[in-house]
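The values are calculated or read from the model by the stated rules, or taken from the named source; none is laboratory data. Here the structure is a predicted model, which means the values were calculated and not measured. Cβ atoms come from the backbone with ideal geometry, glycine included; neighbour counts cover every protein chain shown.
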Amino acid sequence: MLRAGARHPDADESPASTSSQEEVPDVQQLYQALNEYLLLEHKFQPRLCLPAESENGEVTTGARDGAAHVLRCLKVWFDLPASVLVHAINLFDRFLTKMKVRPCHVPCITVSCMNIAIDEYAEQTRQTRNVSVEELVSISQSACTAGDVARMSRVIVDKLALAKGCRYVSVLDWARLLWRLVAGAARELGVTPPVCQESELLNLVEIAACDAACANARASELALVLVFHKLEQQLVEWSRDGTGVPEDAYYLYDFAAQLQAHCHMSDASLVATRNRVRLVLSRYEARCAAPHRQRLVWRLSERTLKVLRPTDRLGSLLPTIEEQHFAVDSTPTRNRSGSESSESEDMSDWPRSPVLPVYCDN
């Protein structure tokens with residue numbers, strides 16, 4: 001591993017040595033976190049074995065990907081952090097690993113996993129939960145009730161043995177940690193650290209997590225592949241700018257090999273994960289590049305439509321008003337006499353609204 005060298009006890013203190021001493025605890029903390037992640041990695045590893053086509057009423061990989069995209073839509077709709085989405089998808093995959101699920105129960109399980117992920121995020125950050133179960137049910141259109149989601153959430157917590165306050169390590173945590181290690185290694189090599197926006201790294205993690213092809217990959221392997229995929233993009237941008245790629249930048253691939261050895265990743269498994277990630281990203285980029293010829297159509301269920309516009313009790317048709325048409329010559333004459341008053345006239349065609357008095361200032 002690339003580690004900062006330990007300072008000799010007899011060395012004189014100088015500003016340079018003091019600054020290097022300040023970097024040592026940071027690097028040591030990163031490697032300490034890396035070892036902790038390795039110890040917890042197997043606890044959150046799913047082992048999905050889903051068929052491509054359902055023969056005996058089993059959940060397929062297409063249904064799994066559909067549930068993952070529903071979770072991503074809920075994340076975007078309620079503006080939830082990416083860690084909630086990745087945790088919910090991991091709960092869904094781990095539950096399908098242990099339990100045999102019927103396709104009709106998939107919508108309820110999907111919303112329940114998001115419900116658990118939101119609860120754990122609120123508990124971890126010590127914030128008030130701002131998304132209710134009723135809102136999750138209404139927006140997801142899962143055809144289940146809030147009581148069904150609450151009961152299914154308890155089943156998932158029991159089957160997965162989720163302990164309260166237990167630390168969860170996701171592929172997103174791995175990607176953030178490995179990127180910080182790569183940036184630290186670039187600084188040690190004297191290379192300008194590669195630039196990576198947080199949103200770009202989160203987008204790559206979400207794309208990989210939502211595809212069933214990457215569901216069974218180790219979180220460390222998947223994160224390492226995504227980090228160096230972003231690094232390759234950075235090297236391509238440097239070459240296009242005309243500035244040229246520093247020769248020392250290629251030593252970061254040696255650092256990747258050292259990370260691979262430290263995390264006990266085999267070459268065959270890492271290459272297989274890299275091929276799957278490239279396939280998933282190429283499919284995603286192809287869909288994004290395709291022109292959208294179909295207009296966006298919102299399809300709402302009857303229950304959701306009544307919630308959004310509660311007009312179910314109103315009549316859609318008004319009664320026909322029958323009118324009598326008289327010719328000019330046959331218009332009946334109204335005979336008035338001095339003894340008749342307006343109260344004796346026929347008032348059946350008068351509006352039924354009450355007459356309100358009008359008060360004048362004068």
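Within region 70-82, does at least one residue satisfy the condition of being surrounded by 16 or more Cβ atoms within 10 Å (Cβ to Cβ) and more than 30 Å from LEU300 (Cα to Cα)? Spell out the reasoning first.
First pass over region 70-82, keeping only residues surrounded by 16 or more Cβ atoms within 10 Å (Cβ to Cβ): 70-72, 74-75, 80, 82.
With the extra rule that they be more than 30 Å from LEU300 (Cα to Cα), the set shrinks to none.
No: region 70-82 contains no residue that is surrounded by 16 or more Cβ atoms within 10 Å (Cβ to Cβ) and more than 30 Å from LEU300 (Cα to Cα).
Please state which one of GLY62, GLY57 is more than 19 Å from SER112 (Cβ to Cβ), more than 13 Å from the chain's Cα centre (by Cα) and assigned to a helix (DSSP H, G or I).
On the way: GLY57 fails: assigned to a helix (DSSP H, G or I).
That would be GLY62, the only listed residue that is more than 19 Å from SER112 (Cβ to Cβ), more than 13 Å from the chain's Cα centre (by Cα) and assigned to a helix (DSSP H, G or I).
From the list VAL76, VAL84, which one is closer than 21 Å to ASN203 by Cα, out of contact with any helix residue (DSSP H, G or I) (no Cβ under 8 Å at 6 or more places or on another chain) and not assigned by TED's automatic domain parsing to the domain that holds LEU178?
Working: VAL84 fails: out of contact with any helix residue (DSSP H, G or I) (no Cβ under 8 Å at 6 or more places or on another chain).
Answer to the check: VAL76.
Just checking, which of ALA161, ALA88 is over 29 Å from VAL225 (Cβ atoms) and out of contact with any strand residue (DSSP E or B) (no Cβ under 6 Å at 6 or more places or on another chain)? Before the answer, list the steps.
Numbers: ALA88 fails: over 29 Å from VAL225 (Cβ atoms).
Result of the check over ALA161, ALA88: ALA161.
Of the conditions (1) surrounded by 18 or more Cβ atoms within 10 Å (Cβ to Cβ); (2) modelled with pLDDT under 90; (3) within 21 Å of the chain's Cα centre (by Cα); (4) of a type outside the set (Gly, Ala, Ser), GLU120 fails just one. Which one is it?
Here GLU120 meets the rest and fails (2).
I'd like to know if region 90-107 contains one or more residues that are within 14 Å of ILE207 (Cα to Cα) and not in a loop (DSSP other than H, G, I, E, B).
The first filter runs over region 90-107 and keeps only residues within 14 Å of ILE207 (Cα to Cα), leaving 90.
If we keep only those that are not in a loop (DSSP other than H, G, I, E, B) as well, we get 90.
Yes, that holds for at least one residue.
Every residue, every condition in (1) out of contact with any His (no Cβ under 9 Å at 6 or more places or on another chain); (2) touching a residue at least 24 places away in the same chain (Cβ under 8 Å), yes or no:
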{"site": "ALA88", "(1), (2)": "yes, yes"}
{"site": "VAL101", "(1), (2)": "yes, yes"}
{"site": "ILE116", "(1), (2)": "no, yes"}
{"site": "GLU120", "(1), (2)": "no, yes"}
{"site": "GLN127", "(1), (2)": "yes, no"}
{"site": "THR145", "(1), (2)": "yes, no"}
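Pairs under 8 Å by beta carbon, first residue under 13 Å from LEU231 (Cβ atoms) and of a type in the set (Val, Ile, Thr) in region 186-211, partner assigned to a loop (DSSP other than H, G, I, E, B) and at pLDDT below 80, six or more apart or different chains?
As it stands, the answer is VAL191/PRO246; THR192/PRO246, since those pairs meet every condition given.
Please state which of the following conditions ASN56 fails to meet, knowing it meets all the rest: (1) closer than 28 Å to VAL171 by Cβ; (2) modelled with pLDDT under 90.
Result: ASN56 passes all but (1).
Taking the condition of being surrounded by 14 or more Cβ atoms within 10 Å (Cβ to Cβ) and not charged (D, E, K, R), how many residues in region 40-53 meet it?
Taking region 40-53 and keeping what is surrounded by 14 or more Cβ atoms within 10 Å (Cβ to Cβ), we get 40-41, 44-46, 48, 50.
Now narrow it down to the ones that are not charged (D, E, K, R): 40, 44-46, 48, 50.
Qualifying residue count for the region: 6.
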